[in-house]
Every structure is written in structure tokens, then in C-alpha cells.
Amino acid sequence: MVTKTAIILGYQCNNNCRFCYCHGKEKRYSPMSTEQVKKELRSGRERGSDYVDFLGGEPTIRKDLVELISYAREIGFREIAITSNGKMLAYKDYAEKLVEAGLNNIILSLHGHNAKTHNILVRDKRGFQLFKKGIQNIVGIDPSIYICFNTVVNKINLETLHKIPGTGNSLVDKQIDGIEFIFPHPKGNAWNNFEKIVPRLDEVNEPVRKAIKAAEKEGYPHIQGRYIPYCHMKGVEEYVSETEAKEKDFKEQHVGPEFQNLEVEKTREADGKKKSKRCRKCKYNPVCEGVWKEYVEKRGLDELKPIVED
């Protein structure tokens, strides 16, 4: 079993992405203190976790991130990751400090195949430029660091989604290790911009399939479609996140400023997602989580269509 401890340090960010699910939380919840985070790190180790991911908001805007990474390494975390927009990594001295402290895994947010699309989505005219400099710094410091891209599937990048894997590989002299295509969680900015940002499930199958095939061609070792029901991943079902989680016995534990959730998969399926009665006939029903309940509130369940055995 692989147990990942994901620590949401706070909701503050130096981007304002049009699809950000946690926008608004930064006004309601103060960031976790250094000592709070260290306590959660110790608790994670006591539960048997040796993989930690620091998230936000944006973790790299915290002044104590180097200290937290160093502490995670000190108490025995083997895999130490950040999920980041990459902008602060453009400052090479800072990037070097993170790596020296023990950072060995970076999940970077790449949302467009070019600067125009990426910058529109993150709402920063310098977003892509800083992202590019950041990833180049990291690879220059230590090319062995695991790098995976997070790409949120949305109406703005849907038709050019297949170009993103090639763009990512072209930025550095290194084979990027992974890419994940993520259906937006319709909360925060994604809820406020719902009709402009959130595609219909019926629209995503072909663009996501095409993007996954492009990632295969580019040689990405890890490829995944997250939060997209199996019935809208036809032809690439093996890349649905639930499949990999089951095969690898992968478990996630999430903690943040206002919550603790040590059974993420169970609660996401039970409380965060919905399925239709028709889904009971689907051969993937035992593993499929369904679709976000906020999406159902807007568009219902008619797009969920069971896949039956031949």
C-alpha cells in the first residue's frame, strides 16, 4: 500500500486561476502554522506514510517551506513533493534551497499549450514565462527530480489539450515523468465561472482521449485522467485515476487549516460525488466514483451512461 499525506498549508496563492476550487477560502481560513504542519507530518509518519505532498493555495509563497521540507526528510519521509504553479521556482536560489532541503517530487500546473492560453487561465501575464523558467531551474539543479504536470480540462483549453504534452516535454532537456488531465471541481472560481469554464461531460471524451494518446506518443511514463467517469473515458479507461488507485492500493490522507480527512477515497465517493441509478448496470460501477455533486446540481445525471459487458 502507498499512503500519501497531502497537507494543504493554506489557501493563499499568487495566481487567481479561473477554475480554482478553493478561491474564497483564503479569506475564511488562516494558513497552518509551522508547528501545526510539523505535528501533521509526525502524525502522518505514525500512520505509516512515507510520501508527503505540500499543497495550497500555493505552497512556495510560504517563508517556512524549506524548513518544512527539511523536517519531513529528517523524520523519514521518502518522497517529498510540492504541488505548485512553478512561478517561485523561477528564482534559482530559492529553487536550490528547496532541492537541498529534500524536495524530490514536483507536481506543476500547466494549463495551456502556449503562453496565451496558460496565462488567460491563471490570470497572470507572466505566468507561463515564470513557469518555464521555474521548471528549467529545477531540471538544471537536479534532473533526477520527478516532475508531473497537472492540467485542468476546461472549455478554454479543450480543443488544444492534445498539444500540452508536447509543449511540456519541449520546455526542458528531460523526459517529463507524468501528466494528469483533471476535470474541474465546480467550487470557488469554477462555480462562479461555471458556464465559461466547466465543459459538459459529453464534450470531454474525444479531447481527453486525444491528449492521452499524445502523452503516450511523447513517452510520459505516468498518464492519468482524474475525476472523469469511465463512461467519458472510452478507449482510455486504463488511465482513469480510480483504476490506478485500486491496482496500486493507493490511499490518500488530506489535512488542511480547517479539516482532516484520513479516508479520502471513501468520503469523495460517499459525499463529494454522485452517480445515477443507471450506473448500477455499469461494469465499472464497483470502482467508479461518479461526477462531482456540484456538477450534478448544474447539469444533472443524464450524461452518465453505463458501460455494460459485451
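Numbers below:
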quantity: Unique residue being crowded, with 23+ Cβ neighbours inside 10 Å, under 29 Å from residue 101 (Cβ atoms) and in contact (Cβ under 8 Å) with a residue 24 or more places away in the chain when the list is 152, 139; calculated: 152
quantity: Filtered residues of the stretch 177-193 (kept if buried (at least 16 other Cβ atoms within 10 Å of the Cβ) and either β-branched (Val, Ile, Thr) or more than 19 Å from the chain's Cα centre (by Cα) (or both)); calculated: 179, 182, 193
quantity: Condition check for residue 200: farther than 25 Å from residue 266 by Cβ, basic (Lys, Arg) and surrounded by fewer than 18 Cβ atoms within 10 Å (Cβ to Cβ); calculated: yes
quantity: Single match in 220, 239 (criterion: within 16 Å of residue 162 (Cβ to Cβ) and in contact (Cβ under 8 Å) with a residue 40 or more places away in the chain); calculated: 220
quantity: Lone qualifier among 208, 172, 204, 198 - being modelled with pLDDT of 95 or more and closer than 18 Å to residue 122 by Cβ; calculated: 198
quantity: Residue in the stretch 49-58 that is of a type outside the set (Lys, Arg), on the phi > 0 side of the Ramachandran plot and touching a residue at least 60 places away in the same chain (Cβ under 8 Å) present; calculated: no
quantity: Unique match (being touching a helix residue (DSSP H, G or I) at 6+ places or on another chain (Cβ under 8 Å), charged (D, E, K, R), more than 15 Å from residue 4 (Cα to Cα) and not in a helix (DSSP H, G or I)) among 97, 125, 63; calculated: 125
quantity: Complete set of residues in the stretch 22-35 that are modelled with pLDDT of 95 or more and either surrounded by 15 or more Cβ atoms within 10 Å (Cβ to Cβ) or not in a helix (DSSP H, G or I) (or both); calculated: 30, 31, 32, 33, 34
quantity: Unique residue being within 23 Å of residue 147 (Cα to Cα), assigned to a helix (DSSP H, G or I) and of a type in the set (S, T, N, Q) when the list is 243, 267; calculated: 243
quantity: Neighbours by Cβ (under 9 Å, 6+ apart or cross-chain): first from the stretch 245-274, surrounded by fewer than 18 Cβ atoms within 10 Å (Cβ to Cβ); second among the β-branched types (Val, Ile, Thr) and not in a loop (DSSP other than H, G, I, E, B); calculated: 248/2; 249/2; 250/2; 250/3; 259/8; 261/255; 261/267; 262/255
quantity: Which listed residue is part of a helix (DSSP H, G or I), within 23 Å of residue 110 (Cα to Cα), hydrophobic (A, V, I, L, M, F, W, C) and in contact with a Leu (Cβ under 6 Å, 6 or more places away or on another chain), from 211, 190, 215; calculated: 211
quantity: Whichever residue in the stretch 205-235 is under 16 Å from residue 306 (Cα atoms) and buried (at least 20 other Cβ atoms within 10 Å of the Cβ) and, among such residues, is farthest from the chain's Cα centre (by Cα); calculated: 231
quantity: Test result for residue 69, farther than 29 Å from residue 197 by Cα, surrounded by fewer than 19 Cβ atoms within 10 Å (Cβ to Cβ), of a type in the set (A, V, I, L, M) and over 18 Å from the mean Cα position of the chain (by Cα); calculated: no
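The values are calculated or read from the model by the stated rules, or taken from the named source; none is laboratory data. Remember, it's a predicted structure, so these values are computed and weren't measured experimentally. Cβ sites come from the backbone with ideal geometry, for glycine too, and all protein chains shown count toward neighbours.
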